[in-house]
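The values are calculated or read from the model by the stated rules, or taken from the named source; none is laboratory data. The structure displayed is predicted, hence computed values, not measured ones. Virtual Cβ from ideal backbone geometry, glycine too; neighbours counted across all protein chains shown.
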Amino acid sequence: MKNVLPEQILPHRAPFLFVNQISQVANGAALATWVVRGDEDFLRGHFPTEAIVPGVLIGEALAQTAGIALSSVAGESAAPSRSGFLAHINLKFHAPARPPCTIELSATISGSMGTLHQFDVVAHYQSKRLASGVLVLAVPEITRTQ
């Protein structure tokens, strides 16, 4: 997928779209970036004298990256109108992300069972690992009306 915008795959929109650019997506894996400028509203109260990107938002950015990865194996079923919902998250935070920074995000599908899809996820800033772990997206089944 070349030159695909996150908005073409994900249902999220600003200010809750954290993936700015998709650099690679294929075969159940995605690489993306989130540019944190440092002037985002959520940083005003998150340690104002020494801002840190909230870990929960890094987790959401990783979930969005997993949604992008899922689209590469789900075809049209992963269109924004039918995207996955975060069902489980287990992350370990290794280091804080201090703005401004460009966070590199990766998600690789590691298993599926029915409507549940598990991903191995990692977030980096430069060569420093910020977070890693596993998350699960649940994709609701299509309900057909007659």
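For this structure, a couple of remarks:
- For segment 5-50, the tally of residues that are charged (D, E, K, R), farther than 30 Å from SER112 by Cα and not in a loop (DSSP other than H, G, I, E, B) stands at 1.
- Complete set of residues in segment 40-97 that are more than 26 Å from ALA138 (Cα to Cα) and either modelled with pLDDT under 90 or of a type outside the set (A, V, I, L, M) (or both): GLU40, ASP41, PHE42, ARG44, GLY45, HIS46, PHE47, PRO48, THR49, GLU50, HIS94, PRO96
- One residue stands out among those in segment 98-146 that are modelled with pLDDT of 95 or more and among the acidic types (Asp, Glu): the one that is nearest to ALA63 (Cα to Cα), which is ASP120.
- Residues being crowded, with 19+ Cβ neighbours inside 10 Å and either within 13 Å of PRO99 (Cβ to Cβ) or modelled with pLDDT under 95 (or both) - total across segment 29-39: 2
- Taking the criterion of being surrounded by 12 or more Cβ atoms within 10 Å (Cβ to Cβ) and part of a loop (DSSP other than H, G, I, E, B), the residues of segment 101-146 that qualify are THR115, VAL139.
- Meets criteria (under 29 Å from THR49 (Cβ atoms), free of Cβ contacts under 8 Å to residues at least 40 places away in the same chain and among the hydroxyl-bearing types (Ser, Thr, Tyr)) for SER127: yes
- Contact map, segment 1-20: first residue surrounded by 13 or more Cβ atoms within 10 Å (Cβ to Cβ), second residue modelled with pLDDT under 95 and assigned to a loop (DSSP other than H, G, I, E, B), Cβ cut-off under 6 Å, separation 6 or more or different chains; pairs are PRO11/SER83.
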